[in-house]
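**Student:** Could you have a look at this structure, given as C-alpha cells, before my questions?
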Amino acid sequence: MITYDSVSKIYGSGPGAVTALDNVSFHIEKGEVVVFLGPSGCGKTTTLRLTNRLDSITRGTITIGGRDINKQDPVRLRQSMGYVIQEIGLFPNKTIAQNIAVVPRMLGWSKDKISERTDELLRMVQLDPALYRDRYPAELSGGQQQRIGVARGLAADPEILLMDEPFGAIDPINREQIQDEFLKVQEKLKKTIAFVSHDIHEAIKMGDKIALFSEGRLIQYDTPEMILTQPKNKFVADFVGSDRALKVLGLMRVRDAMNPVPLNIIQGDTLAPAAIGFLEEKKRRYGVVVDGGKPVGFVSLKDLKFETGPVRDVATPFPVMAQGRQPLRDALSMMLMHDLILLCVIDGNGDFIGTVSYQNIQRAILDVYSDETEDRDATR
Amino acid sequence: MDILGFLQSNADQALYLTWEHMWIVGLSVGIATVIGVPVGILITKYETLAKRVINAANIFMTIPSIALFGLMLPMLSLFGHGLGKVPAVIALVLYSQLPIIRNTYVAIKNVPPAVVNAGRGMGMSNWQLLKEVELPIAIPVILAGLRTAAVMNIGIAAIATFVGAGGLGVYIQQGIDRVYDEMIVAGAILVSVFAIVVDGGMAGIEHALTPKGLKIQRKQSK
C-alpha cells in the first residue's frame, strides 16, 4: 500500500545540514498496522510527515497504491488520509460534530451524510452522540478528546491513517483502554496505519509490524515477535530491554502455552477414595476437579483422606482462572500473586480447556527463543 | 459653574461636534482596520518582515500627535489639504496601526501549533485554515487591538482641532482661548464620556464575537 524507496530527508544545506532520514526503504501492506518506533530524533516522525507531505522528501520516492506522492496535490493527498497527533489539536472554536466533519465537508459531502457519519463515529469511539455532538472540546477530558481525534481522523473513511503518538499524552489507565478500543475498531475497519511511538510496550501491543529507527536509519523492520526474539543487533536488543522474555509473554496467549490434556483431571462425580487411588497412581499430590466440562476447583491428597463422597463437594474453588485468549504475562502474574503452581484455563463460555504451569510457560519461552540460541551456537 | 446649562443652551452645537468627532474616529479606525489586520496576518507568514513592520508602527506611535500634525502640514499642503479633516484622519490611521497590527500578529501567532498542524495534516488549505480556525481563535485579541485604537483615537482626535479638523476638541481649544470654564469642562466631559461609551461598546462586541468554545475554554483555565 505504502512504499518507501530510498527515502532521505536532509534539513538545511552545506556544512550545517542535518540528515534526519538516511536512505530508508520499506513497504507497508494494506490493512497492516506498522509502528514507527525509536528514541526521539530517530526519524520516525519525519517519516510520517513525509508520507502526507507536511515535510518534503530530499531524495527517494514514496508511493501510495503505486502512485508517487510527489505527483499529487498535497492538499488532496492529505484529505485522502486520516491524521491523528499526540496534542490532538481539536479546533476549540468548533463543536465536536463540526470537528469531526472537517474533512467530509471539504470533500463536499451532503449535510445528511455528514451528520449520519458523525453519529456513527461517535458511537464507534463510545461517546453518546446525543450528549456530545454539540459540546466543545474544552468540555471533554483528555481521553475523550483523543477519542474525538481518532474519530476525526477516520471521518472520511480514509484507507490510510497516520498517527503520531496518538495516545502519548493520555494517563496510563486510560491509555490501555483506548488502545484496546482502537484495536477492536481496527479489527473491523482494517485500515492501513502508520503509527509513531517511542514506547516499546505500545509498539508490541498495537503493531502488526515494527519499524525500528535509530539516527535516521531503519534498523530492523519485522513483526514484534521477531524483534523481541531475534533482535538484529545490540541497539535493538537494548531498545527492547533486558526484560524482553517478559515482553514475549505479553505477546503470547495462554492457550498457546497451556497443557490441553493434563493428567491430573478428576471428574466431579468421582468418589474420594477412587480419586486418591487415581492421584497416587499418577504420582500427583493435587488434582483438578472438572464437572460437566466446567472447572470446579482443586483437591489435594490430604483433603481427600477421610472423605467418602464425590470430589466436587471437597474441592477448593480456584481463586482465579485464566482465559485462553489472555496474554501469558497475565497468567504468570496471577500465579505469582495467588501463589499458585497451576492455573486453570477456560474459554469464553467458562468451559475448561486446559491448565498452565510454570513449566509450561518456561517451555513456551524456550521454544520461541530456540532459533536465536541455535544461531548463537552456530557462530561460536 | 453651570455645565448643564451650557450644554442645554448649546445642545445643537454640542451634538454636531460629537457627531463630527465620532465621524473622524470611526472613519480612521475603519481605514486602519482594513490596512492593519491584513498586514498583521501577512507578517505572521514572513517573520523577517514582522520585526520591521512592528518597529515602523512603533516609531509612529512615539511621535507626539501635535508634532505629527506639524510634520504633515507642509507635505499635505502640496495637495491643498494641509488643514482640516484629512490630516486628522491620516494621523489617526497611523497611530492605530501599532495596536491593530501587533494584536493581529500576536493573536495569530498564539494559535496553538498543534491546532495548525492538525488542520494542515487533515488537508486544509492556508486560506481554509485562516478562515475556519486561526481567525476565529484570534478574534478576541484582534478586537482588543481595535478597542485600544478607538479609545486612543478619541483622545488624539481632540487635539486635531488645532489643524481645524473640528470635533469636541473645539470646545476645549476655544474655551481655553476665551477663558470660558464651562466650555472647556463641557468639551472635556463629552470626550471622556464618548471614550468610556466606546470602550464599553467594544468590550460588548468582543464578548459577542468570541466563539462559544473559546469562552468555555477560558472559563475552565481560570
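The values are calculated or read from the model by the stated rules, or taken from the named source; none is laboratory data. As the structure is a prediction and not an experimental result, all values here were calculated from the model. For neighbour counting, all protein chains shown are included, and Cβ atoms are generated from backbone atoms with ideal geometry for every residue, glycine included.
**Student:** Take the residues in the range A:140-152 that are touching a residue at least 24 places away in the same chain (Cβ under 8 Å) and more than 13 Å from chain B (Cβ to nearest Cβ); name whichever of them is surrounded by the fewest Cβ atoms within 10 Å (Cβ to Cβ).
**Tutor:** The residue in question is A:GLY143.
Conditions (1) within 11 Å of chain B (Cβ to nearest Cβ); (2) under 24 Å from A:GLU32 (Cβ atoms), marked per residue:
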residue: A:GLN98; (1), (2): yes, no
residue: A:ARG123; (1), (2): no, no
residue: A:ALA138; (1), (2): yes, no
residue: A:ARG175; (1), (2): no, yes
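Residue by residue, here is whether (1) more than 14 Å from chain A (Cβ to nearest Cβ); (2) closer than 30 Å to B:VAL133 by Cβ; (3) within 15 Å of the chain's Cα centre (by Cα); (4) of a type in the set (Asp, Glu) holds:
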| position | (1), (2), (3), (4) |
| --- | --- |
| B:ILE156 | yes, no, yes, no |
| B:ALA165 | yes, no, no, no |
| B:GLN174 | yes, no, no, no |
| B:TYR180 | yes, no, no, no |
| B:ILE196 | yes, no, yes, no |
| B:GLY200 | yes, yes, yes, no |
| B:ILE216 | no, yes, no, no |
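**Student:** Residues B:MET152, B:MET122: which one is surrounded by 14 or more Cβ atoms within 10 Å (Cβ to Cβ), within 14 Å of chain A (Cβ to nearest Cβ) and among the aliphatic types (A, V, I, L, M)? Working first, answer last.
**Tutor:** Values: B:MET152 fails: within 14 Å of chain A (Cβ to nearest Cβ).
Step by step, each of B:MET152, B:MET122 is checked, and only B:MET122 is surrounded by 14 or more Cβ atoms within 10 Å (Cβ to Cβ), within 14 Å of chain A (Cβ to nearest Cβ) and among the aliphatic types (A, V, I, L, M).
**Student:** Something else: Can you work out which of the residues in the range A:294-313 that are modelled with pLDDT of 85 or more and of a type in the set (A, V, I, L, M, F, W, C) is farthest from the chain's Cα centre (by Cα)?
**Tutor:** Residue satisfying both the conditions and the ranking: A:VAL311.
**Student:** Is it true that some residue in the range A:60-79 is of a type in the set (Gly, Ala, Ser), over 28 Å from the mean Cα position of the chain (by Cα), assigned to a strand (DSSP E or B) and more than 7 Å from every other protein chain (Cβ to nearest Cβ)?
**Tutor:** yes
**Student:** Starting from the range B:64-90, keep only residues that are over 20 Å from B:MET22 (Cβ atoms), then list their pairs with residues that are outside any helix (DSSP H, G or I) whose Cβ atoms are within a distance under 8 Å, requiring at least 6 positions of separation or different chains.
**Tutor:** Cβ pairs passing all conditions: B:LEU71/B:ILE63; B:MET72/B:GLY82; B:LEU73/B:GLY82; B:LEU73/B:LEU83; B:PRO74/B:GLY82; B:LEU76/B:GLY82; B:LEU83/B:GLY164.
**Student:** Mind checking which residues of the range A:29-55 are in contact (Cβ under 8 Å) with a residue 40 or more places away in the chain, assigned to a loop (DSSP other than H, G, I, E, B) and within 14 Å of another protein chain (Cβ to nearest Cβ)?
**Tutor:** Correct list: A:ASN52, A:ASP55.
**Student:** Separate question: Kindly establish whether A:GLY82 is in a strand (DSSP E or B) and touching a helix residue (DSSP H, G or I) at 6+ places or on another chain (Cβ under 8 Å). If you could, list the steps in order and put the result at the bottom.
**Tutor:** Values: in a strand (DSSP E or B): yes; touching a helix residue (DSSP H, G or I) at 6+ places or on another chain (Cβ under 8 Å): yes.
In short, yes.
**Student:** Here's something else I'd like to know. Please go through the range A:294-319 and pick out each residue that is surrounded by 15 or more Cβ atoms within 10 Å (Cβ to Cβ), in contact with a Leu (Cβ under 9 Å, 6 or more places away or on another chain) and part of a loop (DSSP other than H, G, I, E, B).
**Tutor:** Matches in the range A:294-319: A:GLU307, A:VAL314, A:PHE318.
**Student:** Does B:GLY166 fit the bill of being in contact with a helix residue (DSSP H, G or I) (Cβ under 7 Å, 6 or more places away or on another chain), within 16 Å of B:GLY26 (Cβ to Cβ) and outside any helix (DSSP H, G or I)?
**Tutor:** Yes; evaluated as a whole, the condition is true for this residue.
**Student:** I'm trying to understand the selection: among the residues of the range A:235-278, which are touching a Lys or Arg at 6+ places or on another chain (Cβ under 7 Å), hydrophobic (A, V, I, L, M, F, W, C) and more than 16 Å from A:GLY354 (Cβ to Cβ)?
**Tutor:** Scanning the range A:235-278 gives A:VAL240, A:LEU246, A:LEU249.
**Student:** Over 16 Å from B:LEU98 (Cβ atoms) and exposed (fewer than 12 other Cβ atoms within 10 Å of the Cβ): does that describe B:GLY80?
**Tutor:** yes
**Student:** Could you please let me know if A:ASP291 is crowded, with 17+ Cβ neighbours inside 10 Å, modelled with pLDDT under 85, closer than 17 Å to A:ALA272 by Cα and not β-branched (Val, Ile, Thr)? Reasoning before the result, please.
**Tutor:** Numbers: crowded, with 17+ Cβ neighbours inside 10 Å: yes; modelled with pLDDT under 85: no; closer than 17 Å to A:ALA272 by Cα: yes; not β-branched (Val, Ile, Thr): yes.
The answer is no for A:ASP291.
**Student:** Can you tell me how many residues in the range A:165-187 are more than 16 Å from the chain's Cα centre (by Cα) and either assigned to a strand (DSSP E or B) or small (Gly, Ala, Ser) (or both)?
**Tutor:** Here the count works out to 1.
**Student:** Failed condition for A:VAL75, given (1) touching a residue at least 24 places away in the same chain (Cβ under 8 Å); (2) touching a Gly at 6+ places or on another chain (Cβ under 7 Å), with all others met?
**Tutor:** Failing condition for A:VAL75: (1).
**Student:** Of everything in the range A:100-113, what is facing chain B (nearest Cβ under 7 Å) and surrounded by fewer than 23 Cβ atoms within 10 Å (Cβ to Cβ)? Give them in sequence order.
**Tutor:** Once the filter is applied, which keeps residues that are facing chain B (nearest Cβ under 7 Å) and surrounded by fewer than 23 Cβ atoms within 10 Å (Cβ to Cβ), the range A:100-113 yields only A:MET106.
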